[in-house]
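Okay, so here's the structure we're looking at.
What follows is calculated from the coordinates using simple rules that are stated; it is not laboratory data. A quick note: this is a predicted structure, and the numbers were derived from the prediction, not measured.
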Amino acid sequence: MDIVYVRGLEVKTVIGVYDWEREIKQPVSVDLDMACDFSKAAETDDHQYVLDYKIVCVRVTEFIEKSDLQLLEAMAEAIAALVRKEFRVPWVRVRVGKPAAITGAKEVGVLIERGTRPAGVAP
């Protein structure tokens, strides 16, 4: 199994549990690791056989911008479900972070995996 990945997709959205957080947009940062088989794409050099990371990013960005979730945990779960369902990905690792949410920390967030992890992929 092969992996298509996205690192540092930044999207502004309403996220958080405090009243003041419900009134502003904050950046969230998303990393994705998505299992797929791109051997046919590599063999043919044909775009029709790829998991198109641009389309995935556009769709995930759209979802995040419109979401009204409070918890990063809920956002990560929803992103994982969206990617698995809409792009037929058998396994996905999703990291969602809030940059500068905690004084002294560069970022805090959550990391989840859904589906069956391909052999050889490190936890």
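Axis of helix 53-66 versus longest Cα principal axis of the chain: the two differ by about 20°, to the nearest ten degrees. Size of the chain: Rg and Dmax of its alpha carbons, in Å, are 15.5, 53. Computed extension length for Asp37-Val121: 28.9 nm, one decimal, from 0.36 nm per residue of separation with the Cα-Cα distance subtracted.
How many lysine pairs does region 30-123 hold where the Cα atoms are under 24 Å apart and the two sit 8 or more places apart or on different chains?
The result is 8.
Against the chain, whose longest principal axis is taken from its Cα atoms, helix 72-86 shows a tilt of about 30°. Multiplying each eigenvalue of the alpha-carbon gyration tensor of region 22-71 by 5 and taking the square root yields semi-axes of 32, 10, 7 Å, largest first, rounded to whole angstroms.
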